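This report refers to the structure that appears directly beneath it.
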Amino acid sequence: MAPPVQPGDSFPDWAAQRQTSPREIPRNDSTGPWSAQRQTSSRTNSKGRDVNAEAKHKMSWFAAGDRERQALLAAIERDYAPELRRISHDWVLSRGCKLQAESKNDDSDLAPPLPRYLDLSEVLGIPNVMLSAMLAAKCRDQNILATKERQQRFAEYVFANCAENSFKMKELHLGPDFAKAVALTLSFCSRYTELNLSGNALGDQGAQTMATLLLKTTTLTSVDLSANDISCKGMNFILRTMLINRSVKALDLSSKTGSNRNRFSKLNAGPLEDLLLRNSTLQRLSLSTCTLGAIGAQGLSRGLVGNQSLKFLDISQNDLGDKGACYIASVLKESALEELNLADNNICDEGLISLACSLGSLPNKMDSSSPVWSRAMEATKAATAYADSVTFLRKTVLDADEQALWPEEGSKGSAEEIKDAAKALQLAVKAAEVTLPKLKILNLTNNTATSIGVRCVADALQANNVLERLSLDHCDHRDPDNGCYSLIVSLPVNCTLRHLGLSYALLGSNGLIHLAKVVATNEVLCSLNLSGNLVDEKSASAWKITLCGNRSLKSLGMAACHIDDTAGVILAEGIGQNQGLESLSLRDNALRNTCAEAFEEALLQNGHLVQLNLELNSIHLRTRIAELTECQKEVGRMSQVLMRNRQKKRVALWKQAAKVQKLKDEKEADRQREAQVEDRLNELLETHEQVEQEIALLEGTLKSLRAEGAQKISILGTRIEDVEDKTRIGEIQLTKLRKQLQNFEEKASTELAAIHEELDRAMKAQQSAALLSTAALRNLSTFTESLNAISEDIAGGVNPRHRWTELQEVKTRTAAKAKPRARRPS
């Protein structure tokens, strides 16, 4: 791994190797790759410009005393000599279509006229030699020849993307050579504050060059190097350089799906930690889709503990898992983060529960020993009051009648009852001692947690008065009994959440109904996204009542909610009485002309709604209605013309009575005009009759289509019910199989444990038998040695059989000797 870049290092290494002494630098215009273009006998070129003045302007940037810049000029001319010979040294942009299109946006009276030719070097403040070096490096990276046509197109692109304070060269497949040219250009040009090279192929070599630029620059505040095929080695170059840089406030090293992805590894965890601990300028860091993993999250968490400048962190699509989420959650209260993106990170219940605890989630059960109740005078009473308040508020919301939310004369509406229960819960929550993070925006979209983890995050909204935007899209909010189990308790209490995303959240009809009740009582929520949730007639009726009385909600998303004509008409009635909603999305539903007519009537009554999205719905005849409207307008205009002509005719008759001949001519002309107008009117009347016939035909076709559609809908409904029945039966069988598999696994684990114990006993018995056998063999060998030692003193020697034989022989001899003695006379 290369050593980190130090402040004293030369810039850049590749250019320093090519630097020459001042004596080797050409001092006239007759040498170098542009000599053929510079040498001319005339003082003016084809455009009438002074060549000597242009040469002085070009060389003024390279002052005689600035040896470093002169050396860079010589190095560029030598390195890119083949490419520079093929292009022009003048970067003059003619006023073509692109410049004329840009000038149309300005006020022609106030804006000065554009010149016929623009000197790109003067507009951008970049010398011609640097522009030529960038073009040559681009052609080398793309393996193409540098031509004057490509030079013109490149000049137009640079003028369009680099004329302001932003240097944007994204998605051009640029490589390390272009990175060197950009580094040289920006090191001597201080006008740019934003650098965007995303979607290229800089690689590790280009990353090292960019690291050298970051070491030198003091003007860049935003750097985007996303999707540049940078590995962990190149990332370390940039991260270590950022330890020294004090100007960059936004750094983007993320990746994009399907492009040259940047890759982190466990080797980058340490540099990430050092960056956050030592850099006090960086405010925005994007590391999306960089394969951080749990180890990278651990490094980030250690760095966030001591960092008080980073406000935005995007680590989505990094497969952090529960472990990585727990690392991040553990430091949220100590960090200065205000916006955090954890979408698509495979976070399960454990990770969301940890995040919920950091966000201020209170214990669900009545636990007076919890530290959150330590500040209360009587912890047990405080915990009991909180639990009772939660239960009472939930019961109030579930029992509330959505049709009687708003109070009538002499009665109290359900919304007022929910507000009263919410005030009691607010008082109970105030008794808890909770330290909240500074987080204002949190994105938890598309994680793998169940409704248990999502419920804990929703519970945190009861005590959290900092969070303003929460995205729980593509998360599981299913609850078989009540739906939105925790949101219906948290939203009436929360007073800071302004944007909530619940798209594709599996809320169900009951969940949407209960959610409509609490949204009706919330006076802070401005934006709510419910796209992808099934909205039927019951839930549409509940939201109609909510829209009639709620004035704080400004944006509502109900795209892809399977809303039919009946539910759409119900929603249109609510829109007609609403006085606050400004944007409504009903895209990709099953709305038809009946619903469209209902929304037309609603828009006539509603003066606040400015955006209504009805795309991808089955609404027809819009084009034809517009044509008929234009025809009607034209008939009105022709009628007005006819009336004006008649008036002119009367005036002419009164004023020109003395001029008979003239009057006759004018009468004839008037008659001709009247005939033309009448012919035109007859044509329009015929057209009107034809249009009415076509409308009648279309209405008949529409009726037949509606009948066919209703029949198809009934058939499809029957099929859907059959499929649902089969699915339900399959789920039951799958549950039975899972239970059998679980029982089998339990029995198998028990039998395996018994077998393992028996095997352990057998192994122990075998080991003891082996030890006894070894001891017996050792005793036998000792006995044998002892027996050999005394074999000479023992009759028979070592062999006992010999001893027995010898004893028999002795007995035989003794008996033989005793017999003669017995025969002697006494």
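Scanning for something open to solvent by less than 30 Å² (accessible area, probe 1.4 Å) and within 22 Å of residue 497 (Cα to Cα), does the range 610-621 turn up at least one residue?
Taking every residue of the range 610-621 in turn, none turns out to be open to solvent by less than 30 Å² (accessible area, probe 1.4 Å) and within 22 Å of residue 497 (Cα to Cα).
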Determine whether residue 698 is in contact (Cβ under 8 Å) with a residue 12 or more places away in the chain and over 23 Å from residue 636 (Cα atoms).
-> yes
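Would it be correct to say that residue 336 is out of contact with any helix residue (DSSP H, G or I) (no Cβ under 8 Å at 6 or more places or on another chain) and either open to solvent by less than 30 Å² (accessible area, probe 1.4 Å) or among the charged types (D, E, K, R) (or both)? First the steps, then the outcome.
Details: out of contact with any helix residue (DSSP H, G or I) (no Cβ under 8 Å at 6 or more places or on another chain): yes; either open to solvent by less than 30 Å² (accessible area, probe 1.4 Å) or among the charged types (D, E, K, R) (or both): yes.
Here the answer is yes, as residue 336 does meet what is asked.
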Among the candidates 729, 720, which residue alone is closer than 30 Å to residue 591 by Cβ, among the hydrophobic types (A, V, I, L, M, F, W, C) and either over 38 Å from the mean Cα position of the chain (by Cα) or part of a helix (DSSP H, G or I) (or both)?
-> 720
Checked pairs for the range 412-437, first farther than 17 Å from residue 523 by Cα, second among the basic types (Lys, Arg), C-beta under 8 Å and 6 or more apart or across chains, list as 431/375; 432/375; 433/375; 435/333; 436/333; 437/333
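Let's see how each residue does on (1) among the hydrophobic types (A, V, I, L, M, F, W, C); (2) surrounded by 10 or more Cβ atoms within 10 Å (Cβ to Cβ); (3) modelled with pLDDT under 90:
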residue: 755; (1), (2), (3): yes, yes, no
residue: 773; (1), (2), (3): no, yes, yes
residue: 782; (1), (2), (3): no, yes, yes
residue: 788; (1), (2), (3): no, yes, yes
residue: 795; (1), (2), (3): yes, yes, yes
residue: 799; (1), (2), (3): no, yes, yes
residue: 816; (1), (2), (3): yes, no, yes
residue: 826; (1), (2), (3): no, no, yes
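Which one of 440, 430 is more than 14 Å from residue 357 (Cβ to Cβ), at pLDDT 90 or above and either crowded, with 17+ Cβ neighbours inside 10 Å or of a type outside the set (Asp, Glu) (or both)?
440
If a residue must be touching a His at 6+ places or on another chain (Cβ under 8 Å), buried (at least 22 other Cβ atoms within 10 Å of the Cβ) and among the small types (Gly, Ala, Ser), how many such residues does the range 540-589 contain?
0
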Residue 673 vs (1) basic (Lys, Arg); (2) modelled with pLDDT under 85; (3) more than 30 Å from residue 556 (Cβ to Cβ); (4) open to solvent by 80 Å² or more (accessible area, probe 1.4 Å): all pass except (2)
When residues of the range 66-97 are limited to those that are under 41 Å from the mean Cα position of the chain (by Cα) and open to solvent by 90 Å² or more (accessible area, probe 1.4 Å), the one modelled with the lowest pLDDT = 97
Write out, first by first residue and then by second, each pair whose Cβ atoms fall under 6 Å of each other, whose residues are 6+ apart or on separate chains, and whose first residue, in the range 639-651, is within 19 Å of residue 684 (Cα to Cα) while the second is open to solvent by less than 100 Å² (accessible area, probe 1.4 Å).
-> 642/677
Since residue 689 meets every condition but one in (1) open to solvent by less than 100 Å² (accessible area, probe 1.4 Å); (2) under 30 Å from residue 618 (Cα atoms), which condition does it not meet?
-> (1)
Name the one entry in 512, 502, 507, 491 that is aliphatic (A, V, I, L, M) and within 16 Å of residue 552 (Cβ to Cβ).
-> 491
Residue check, residue 178 against (1) in a loop (DSSP other than H, G, I, E, B); (2) within 18 Å of residue 224 (Cβ to Cβ), all met but one. Which one?
-> (1)
Given the conditions (1) open to solvent by less than 40 Å² (accessible area, probe 1.4 Å); (2) more than 28 Å from residue 435 (Cα to Cα); (3) β-branched (Val, Ile, Thr), which single one is not true for residue 257?
-> (1)
Screening 642, 697 for residues that are closer than 30 Å to residue 563 by Cα, among the aliphatic types (A, V, I, L, M) and part of a helix (DSSP H, G or I) leaves only 697
Do you know which of the residues in the range 160-175 that are in a helix (DSSP H, G or I) and open to solvent by 30 Å² or more (accessible area, probe 1.4 Å) is nearest to residue 197 (Cα to Cα)?
-> 161
State which residue pairs qualify: first residue modelled with pLDDT of 60 or more and inside the range 108-129, second residue open to solvent by 80 Å² or more (accessible area, probe 1.4 Å) in any location, beta carbons under 6 Å apart, and separation of 6 or more residues or different chains.
-> 116/95
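Mind checking which residues of the range 216-237 are surrounded by fewer than 23 Cβ atoms within 10 Å (Cβ to Cβ) and part of a helix (DSSP H, G or I)?
Passing the criteria: 216, 232, 233.
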Restricted to the range 452-481 and to residues being free of Cβ contacts under 8 Å to residues at least 40 places away in the same chain and among the acidic types (Asp, Glu), the residue surrounded by the most Cβ atoms within 10 Å (Cβ to Cβ) is 479
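The values are calculated or read from the model by the stated rules, or taken from the named source; none is laboratory data. As the structure is a prediction and not an experimental result, all values here were calculated from the model. Positions of Cβ are generated from backbone atoms using ideal geometry, with glycine treated the same way; all protein chains shown enter the neighbour counts. In case anyone asks, the SASA skips ligands and DNA or RNA and just uses the protein heavy atoms, side chains included. Shrake-Rupley method; radii C 1.70, N 1.55, O 1.52, S 1.80 Å.
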